[in-house]
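Here's the structure, in structure tokens; my notes come after.
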């Protein structure tokens, strides 16, 4: 037959080999067409071919030419973007479909209900977890299994539940059970007469640190008592396995999911007032110039009793002499607090000359209604009581880092390596531009890094401070000692939050093993490190997602009110800039189109974080600007804002004018 002709087969194979193929990622648009992104090239994908792929798919596509135009035709799936994903339920003519919860994926996928428990009926809009089982580029259709019901569509806890399950995170703490203290035979020093105090938020129940301090002519002696959950949880037990898998307590706006059962974190281990508790106590000696005398550091097992459950705001109100303050400490506790304040000021001065002081940025607390929905957002700045606890924990963790590094050369350490020297050219250009003195040969050293940061802070140069942050390494967790440039120290190992961090439990066990002079010590390994880094990453993404969700709902009424917000610019790109609203911490995007229609006069430089009108610099990173919210996109959970005043004299467009229809771009 003609189709079996060897010559025709060979010709067909030749044609196939001659076809140009490119591997890249699919990028959708808000229209039916899309693009194949290949390195720096971009190829048009026609609407009909987009039906077989979704945003983020990695594919091999045939590049076809039609005259002077080119297009990509996806041919082979390399890696599907959708695997396990969050979606919403949609019934069409009685058939089950799901719509992925993704701003760039707007398709409905046929689904099969594979839930283990199907007693709860599914309805349109319910939130579910799905797994993709069939891809259109491979089997002509998309199909998924529906494996878990997250929550009903009208559940007020939706932002939290969906964000947690999106990253496969638990929605509840471990179940409570009976816990027996396992270290009854270990000798512990009786420190119950020492007037330790806890300082936390007013409603905190999981108090894991208590403080006491002494002072003489030369030094401060700081006692930091930390709750001891490892006395209840042994290694190689299901409870320890659970804690190591979770790795951290999860802190979301308005809610928390403890790493440990609440009976431990809020009861048995919590350093409650007037209740006997086992603790690991660090005793740090700090000279009057703020220097930690590391050779004098001691760690002891002890029994302690908190002499006072104090609250940040009440302590701060008292010492800042706020009118109407209702907290009055006993003379004993007043003496401890006054000494802690002097210690705090001492350490702050030390950092100002040896590292860099912390900018007093606000915390935004999300206050919920009884039904779990957002009521309002409170803005809280670091006050004297917050600074007391912060400085005490930092010095305790510096001491533990030095101790573990010297004795074991292992532990769970927090590292920060300073500047990313692959960006050295940009860094030098920035420092010269901002007239910041530096030694090029020492840019990789801790002292030089902190000298540059101090210069930025001392000169109130928010632009330099913002750019420095974009030119430095990310912090990381390590099982080997290393410097933490941002804190200005050579070793830093946290052990002060074992109720909340599994790494701190690990460091507790290492410190206790040296106190007990154990010969067999279980060291942390790379597998634990991998789990902790992944948990930290997913926890942060869940927190970000919840905030995005809540801010969209919270700020929607401000569109009609035309509320003016003071904001700080923190990122600039060709298409616009991002800013933080100081009144509530929301991140908003101001697109180019909201600034001007004069494309020739306005220039946004993403690499330097600057905004120019013609040749004049008008804004840069760290600058304040007045904005108003003009658009809310609930699907993408994004907030669009517009300037309240002219950018460098340019006429502002009407942010409320109807949008012009978009036209498909010309193909290459």
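All of the numbers you see were taken from the coordinates with simple rules; none came from a lab. Predicted model, so just to flag it, every value in this text is computed and none were measured. Cβ sites come from the backbone with ideal geometry, for glycine too, and all protein chains shown count toward neighbours.
A few notes on this one:
- Computed lengthening from residue 180 to residue 527, 0.36 nm per intervening residue step minus Cα-Cα distance: 122.0 nm
- Radius, Kirkwood style, for region 84-155 when every pair of distinct Cα atoms is counted (Å): 12.2 Å
- Point-to-point label distance, residue 651-residue 267, nm (Cα→Cβ direction, 7 Å offset): 7.0 nm
- Residues 413, 299, 319 arranged by fewest to most Cβ contacts within 10 Å: 319, 299, 413
- Between residue 354 and residue 490, residue separation times 0.36 nm minus the direct Cα-Cα distance comes to 47.7 nm.
- Å³ per residue enclosed by the Cα convex hull of region 603-662: 142 Å³
- Length released on extending from residue 421 to residue 69, taking residue separation times 0.36 nm less the Cα-Cα span: 122.5 nm
- Here r is the Cβ-Cβ distance between residue 119 and residue 216 and R0 is 51 Å; the resulting FRET efficiency, rounded to 0.05, is 0.15.
- Measuring r between the beta carbons of residue 41 and residue 375 and using R0 = 41 Å, the FRET efficiency lands at 0.25.
- Nearest-0.05 FRET efficiency for residue 564 and residue 636, computed from C-beta distance (R0 22 Å): 0.35
- Here the label points at residue 31 and residue 519, each 7 Å from Cα along the C-beta direction, are separated by 7.7 nm in the simple model.
- Here the label points at residue 157 and residue 480, each 7 Å from Cα along the C-beta direction, are separated by 4.4 nm in the simple model.
- Cα-based Kirkwood hydrodynamic radius, region 556-643, one decimal, Å: 13.2 Å
- Sorted by Cβ density within 10 Å, fewest first, the residues 121, 518, 423: 121, 518, 423
- With Cα atoms as the point set, the radius of gyration and Dmax of the chain evaluate to 29.2, 106 Å.
- Legend: ranking of residues 339, 344 from fewest to most surrounding C-beta atoms inside 10 Å; resulting order 339, 344.
- For the chain, the relative contact order comes to 10 percent (Cα pairs under 8 Å, sequence separation of at least 6).
- The angle between the Cα long axis of helix 424-433 and the longest principal axis of the Cα atoms of the chain comes to about 70 degrees, rounded to the nearest 10.
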